[in-house]
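The values are calculated or read from the model by the stated rules, or taken from the named source; none is laboratory data. Every value quoted in this text rests on a predicted model; they were computed, and no experiment measured them. Every residue, glycine as well, gets a Cβ built from its backbone with ideal geometry; the counts of neighbours run over all protein chains shown. In case anyone asks, the SASA skips ligands and DNA or RNA and just uses the protein heavy atoms, side chains included. Shrake-Rupley method; radii C 1.70, N 1.55, O 1.52, S 1.80 Å.
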Amino acid sequence: MECFGKLCGIDEAGRGPLAGDLVMAGCVLHKHVEGLDDSKKLTPKKRELLYGQIIQNATYHIVKFSAKEIDEDGISLCLKRGLEEIMKNLPSVEYLFDGNSNFGVRGLTTMIKADGKVPEVSAASILAKVTHDRDIMELAKRYPEYGFEKHKGYGTALHVQMIKKHGYCEVHRKSYKVKALEKGLFD
């Protein structure tokens, strides 16, 4: 797939939740998209609107890692593999990843808060967040007892309470340690 832009922005969503996939996106914009920002600063409705505009005006690649892959390989190795896959699938002049670590990937620049400063990274942030949230909403239908639609897989009090009540399901990251769950969960 040929890319016409000079910069590929890269970001992720779902690094911290206790359940669901880690989603990474790389994005090369071909046209200006109005209203781009850090996905966390946008409403879900605005993110969905921008998602459609981004995919019409960009070349992009989205990578997902399951809870099982995260448990087996670790979050850092998954992030490294995701970065490498994006760079392989989006040949570009420069790659910019939001954050302060390149996870050992060469040819990659990092910038803290790039998702709010650089349009290509903002676009990648939105692609990753919308994909992550759509996937979580599907998990909420499959596992209604956990309330994923309310907390998006993050370790909220409600989510921890539901794990205590029902145990882990296949989409939970069992390698993530949660103090509230360390005592008494499976006693």
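With distances taken between every two different alpha-carbon atoms, the chain has a Kirkwood hydrodynamic radius of 17.0 Å. Highest GNM mean-square fluctuation among GLY14, GLY104, GLY82, for the chain modelled with Cα contacts below 10 Å: GLY104.
By the scheme Lys and Arg +1, Asp and Glu -1, what is the net charge of all other residues having a beta-carbon under 13 Å from that of HIS159? Spelling it out: positives minus negatives among the neighbours equals +3. Net charge near GLU84, counting Lys/Arg +1 and Asp/Glu -1 over other residues with Cβ under 14 Å of its Cβ? Residues near GLU84 contribute +1 overall. With the simple model of a label 7 Å out from the Cα in the direction of the Cβ, ASN89 to ILE112 spans 3.0 nm. Within the straight-line cut-off of under 19 Å between alpha carbons, the lysines reachable from LYS68 are LYS80, LYS152, LYS174, LYS177, sequence neighbours fewer than 8 places apart in one chain being disregarded. Other residues whose C-beta falls under 10 angstrom from the C-beta of LYS113 contribute a net charge of -2, scoring Lys and Arg +1 and Asp and Glu -1. Just the protein heavy atoms count here, and of the accessible area of the chain at 1.4 Å, carbon and sulfur take up 52 percent. Here the Karplus curve 6.51 cos²θ - 1.76 cosθ + 1.60, taken at θ = phi - 60°, turns the phi angles of the range 163-171 into couplings of 5, 4, 6, 10, x, 7, 10, 5, 9 Hz, with x standing for Gly and Pro. Between the C-alpha center of the range 153-167 and that of the range 1-52 there is a gap of 28 Å.
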